[in-house]
Amino acid sequence: MDTDQAVPLGPGVHWVGALDPGLREFDVILKTANGTTYNAYCVRGSAGVAVIDTVKAEYADTFFAHLEQVARYDELTAIVLNHLEPDHTGALPELMRRAPQARLYISVKAQMMLKALLKSEALAYTPVGTGDTVSLGDRTLRFLNTPYLHWPDTQCTWLEEEGMLFSGDVFGCHFCDARLFNDRVGDFRFSFEYYYAHIMRPFREYVRDALDLIEPLELKLIAPAHGPILRDAPRAYVQRYRQLAAPQLHNEADRDKTLIVFYISSYGNTARMAQAVRDGAEEIDGVRASLYDLQGGEVTPFVDLIEEADGLAFGTPTINGDAVKPIWDLLSSLAVVKVSEKLGAAFGSYGWSGEGVNMVEDRLRGLKLRVPVKGVRVKLIPTEDELEKCRELGRELARHLTGRITRRVIDMAELLKEPSHAQG
Ligand code: FEO
């Protein structure tokens, strides 16, 4: 495949993107062992020509060279942006300068981002949502609103007459192979799974919503914004997303709420506290509590457990004024799953100062967990009274999980009202 050229996907539909084989890290968090591609597309109809997405700024020259092979700038009627992250909008300002007559189509949620990106409030664009269409004459672009895959602004664009889905980052991966099509390139399964796990996994509820829109389509080809174009068995990739986005463990479908108690212990004191927290939680109907020693496991399966759990409690000793490394390692691995809205708690034994518990509570709040019960700190060996405090921590957490204690909502407007005169 000659990628010095625009590459046809079908009659009047071309890939006009760029290859970036030397990239080894994307957005700091992703490794890219053989680079990536920035896929952009051009669709020609009988009464209009659309460009769908652009490329990273450094690759603008390549993008324009490809685009000029299949369209003149004065022919462009539409610029569709499925996603405004700079790897897809780097060439946008120059494209708008070269084709000022082309109308921009973006999702409703992309509007503020577009203004921030272009540093202008005076922009002509059309916000679109699911079902909205743009006619190119004999061809129609139909939009699917697919927010949070993986930014709030993300959408997909469906070329009805050709059965082609321009999916943005969805179904994409960082895999650079000049042969471009999934039936021609090397084995990219690892990259596809890795990309899902790091980019889409935290938003799996939104993935399921998007799949509800995509599955009914008569798909002939999926054209993502990165990696191979999926023309062979495109529905297999949709099915794989459905599997990946499904609840993985039994508990999520259960009626019971799940509390996972993780701990690490130097002398067995924090371990005894963890057992007591678990025992207390188990006393409450409707809660299933589990206990895991961080020394006996690995981060990846623990992250899977955390994704499915409703509540999390962390037991840590304090050593040199800090919680211990295995706790921090686990807490720093949670960017790939959604933890906000779960309940959290901390507890632990200490020798001198005991800051570890408060530090873990702060971290949990930083991750947007709710920490409804103050943690239990015990100097050295827990007494029976202190173990009872741990059991009560478990019971309280369990009551919050089951809704037996609910968050008190304070109405500030009520609080600020003038006091009324008492009657009688
Ligand atoms: Fe490929 Fe989210 O940008």
Asp232 passes all but one of the listed conditions (1) in a helix (DSSP H, G or I); (2) at pLDDT 95 or above; (3) exposed (fewer than 14 other Cβ atoms within 10 Å of the Cβ); the exception is number (1)
Please determine whether any residue of region 315-324 is open to solvent by less than 10 Å² (accessible area, probe 1.4 Å) and assigned to a strand (DSSP E or B). yes
Restricting region 342-359 to residues that are in contact (Cβ under 8 Å) with a residue 40 or more places away in the chain and farther than 14 Å from Pro382 by Cα, the one surrounded by the fewest Cβ atoms within 10 Å (Cβ to Cβ) turns out to be Leu343
Residue set Asp329, Asp310, Asp322; condition of a type in the set (D, E, K, R) and in contact (Cβ under 8 Å) with a residue 40 or more places away in the chain; output residue Asp310
Counting only residues that are over 12 Å from Val16 (Cβ atoms) and in contact (Cβ under 8 Å) with a residue 12 or more places away in the chain, region 34-78 contains a total of 15
Counting only residues in region 382-424 that are in a helix (DSSP H, G or I), aliphatic (A, V, I, L, M) and modelled with pLDDT under 75, the one most open to solvent (accessible area, probe 1.4 Å) is identified as Leu416
Counting only helices (runs of 4 or more DSSP H) wholly inside region 1-120, the ones holding at least 2 residues that are out of contact with any strand residue (DSSP E or B) (no Cβ under 9 Å at 6 or more places or on another chain) and open to solvent by 20 Å² or more (accessible area, probe 1.4 Å) are 60-70, 92-98, 111-118
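Considering every residue within region 37-50, establish whether at least one is in contact with a Cys (Cβ under 6 Å, 6 or more places away or on another chain) and closer than 22 Å to His198 by Cα. Show your work before the answer.
Within region 37-50, the subset in contact with a Cys (Cβ under 6 Å, 6 or more places away or on another chain) is 37.
Filter once more, keeping what is closer than 22 Å to His198 by Cα: 37.
Yes: region 37-50 contains one or more residues that are in contact with a Cys (Cβ under 6 Å, 6 or more places away or on another chain) and closer than 22 Å to His198 by Cα.
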Taking region 338-354 and keeping only residues that are among the polar types (S, T, N, Q) and either out of contact with any strand residue (DSSP E or B) (no Cβ under 7 Å at 6 or more places or on another chain) or part of a loop (DSSP other than H, G, I, E, B) (or both), one is left with Ser340, Ser353
Do we have any residue at all in region 201-214 that's of a type in the set (Phe, Trp, Tyr), under 20 Å from Leu23 (Cβ atoms) and either open to solvent by less than 60 Å² (accessible area, probe 1.4 Å) or more than 13 Å from the chain's Cα centre (by Cα) (or both)? no
The residue from Leu165, Leu136, Leu159 that alone is hydrophobic (A, V, I, L, M, F, W, C) and either in contact with a helix residue (DSSP H, G or I) (Cβ under 9 Å, 6 or more places away or on another chain) or within 12 Å of the ligand (Cβ to nearest atom) (or both) is Leu165
Val371: passes all of (1) modelled with pLDDT of 95 or more; (2) under 21 Å from Ser266 (Cα atoms); (3) open to solvent by less than 50 Å² (accessible area, probe 1.4 Å) but (2)
Restricting attention to region 325-341, the residues that are open to solvent by 10 Å² or more (accessible area, probe 1.4 Å) and within 26 Å of Leu380 (Cα to Cα) number exactly 4
Exception for Asn145 within (1) closer than 30 Å to Asp232 by Cβ; (2) over 27 Å from the mean Cα position of the chain (by Cα); (3) open to solvent by 10 Å² or more (accessible area, probe 1.4 Å) falls at (2)
Filter region 295-308 for residues that are of a type in the set (A, V, I, L, M, F, W, C) and open to solvent by less than 20 Å² (accessible area, probe 1.4 Å); the one that is nearest to Ile260 (Cα to Cα) is Ile306
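The values are calculated or read from the model by the stated rules, or taken from the named source; none is laboratory data. In this text, all values refer to a predicted model and were calculated from it rather than measured experimentally. Methodologically, a virtual Cβ is constructed for each residue, glycine included, from the backbone with ideal geometry; neighbour enumeration extends over all protein chains shown. Note: accessible area is taken over every heavy atom of the protein model, side chains too, but ligands, DNA and RNA are not part of it. Shrake-Rupley method; radii C 1.70, N 1.55, O 1.52, S 1.80 Å.
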